[in-house]
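The values are calculated or read from the model by the stated rules, or taken from the named source; none is laboratory data. From a predicted model like this one, the values you see are computed outputs, not experimental measurements. Cβ placement follows ideal geometry from the backbone for every residue including glycine, while neighbour counts extend to all protein chains displayed.
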Amino acid sequence: MADDLAELERRIGYRFTDRSLLELALTHSSAVPAGLVRRSEQLEFLGDAVLDLAIADLLLEKFAEENEGVLSKCRSRLVCTASLAGKSRDLGIGEALRLGRGEDNSGGRDKDSILAAAYESVLGAIYSDVGFFRTRAVVRRHFKRDLADDDVLETRDWKTRLQERTQARLRLLPEYRHAAQEGPPHARRFVAEVWVNGEKLASGEGGSKREAEQCAAERALGAFAKS
């Protein structure tokens, strides 16, 4: 276990002073007995705020002449569920998660919602261990390619891009269907599917129906790019 955590620290780019914080961040609520405090969710709450601040600070550092509206939309794209789940996959966080048996058997290690939450929990653990500026440095490293992308400030959303693509290629409009919602009222998760001409192109998850649709549209664009 210690060797696995050391390898995860290497991939994350941060070695914990108090490794128990990392262990707490990786312990999903499904593995916590009823009635006990779910520390990973507390760390997720903290990490969510730290990530928002770090990304905002990095965007202002790079794009000091842009207005608040453009920067806000850019930050929303960078910290959406699909993006954070991608970071988790890149870092191998899912493999290190401690899940309850039922969640593990149902494929929890590859669920966007769980992976995105775990990424935020890990950032919350780093912040608890060392404070904001070191955490910001970790975030900068993880989002280096995103921030260097020429289209990072592109203001059109994924749904608009997909609509333009399907109209140009197929002369059809995408249709969004809400497939599921799960979780407690304070942490609701939505699943949306995008269909074109009777074919499902992709599905996506998010904390709102709109975010789920955006995630589905982004994935559908990826499918278009490979076709």
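Points to keep in mind about this one:
- Enumeration of residues in the range 165-217 that are within 21 Å of K111 (Cα to Cα), exposed (fewer than 13 other Cβ atoms within 10 Å of the Cβ) and in contact with a Ser or Thr (Cβ under 9 Å, 6 or more places away or on another chain): E182, G183
- Test set (1) in a helix (DSSP H, G or I); (2) within 30 Å of K159 (Cα to Cα) - E66 fails condition number: (1)
- Checklist (1) closer than 30 Å to E103 by Cβ; (2) in contact (Cβ under 8 Å) with a residue 40 or more places away in the chain; (3) touching a strand residue (DSSP E or B) at 6+ places or on another chain (Cβ under 9 Å) applied to A192, failing item: (2)
- Selection within the range 178-224 - part of a helix (DSSP H, G or I), touching a helix residue (DSSP H, G or I) at 6+ places or on another chain (Cβ under 9 Å) and either among the small types (G, A, S) or farther than 30 Å from E41 by Cβ (or both): A187, A212, A216, A217, A220, L221, F224
- All of (1) surrounded by fewer than 16 Cβ atoms within 10 Å (Cβ to Cβ); (2) of a type in the set (G, A, S); (3) at pLDDT below 90 hold for G131 with one exception: (3).
- All conditions in (1) surrounded by fewer than 19 Cβ atoms within 10 Å (Cβ to Cβ); (2) at pLDDT 90 or above; (3) in contact with a Gly (Cβ under 8 Å, 6 or more places away or on another chain) hold for G47, with the sole exception of (1).
- Yes/no for D52 being touching a residue at least 40 places away in the same chain (Cβ under 8 Å), in the same structural domain as D90 (by TED's automatic domain parsing) and surrounded by fewer than 16 Cβ atoms within 10 Å (Cβ to Cβ): no
- Evaluated against (1) in contact (Cβ under 8 Å) with a residue 12 or more places away in the chain; (2) surrounded by fewer than 19 Cβ atoms within 10 Å (Cβ to Cβ); (3) over 15 Å from the mean Cα position of the chain (by Cα), L162 falls short on exactly one condition, (2).
- Spans of helices (runs of 4 or more DSSP H) in the range 78-177 with at least 2 residues closer than 25 Å to R188 by Cα and of a type in the set (D, E): 101-105, 112-130
- Some residue of the range 71-80 being among the hydrophobic types (A, V, I, L, M, F, W, C), out of contact with any Cys (no Cβ under 9 Å at 6 or more places or on another chain) and within 16 Å of Y119 (Cβ to Cβ): yes
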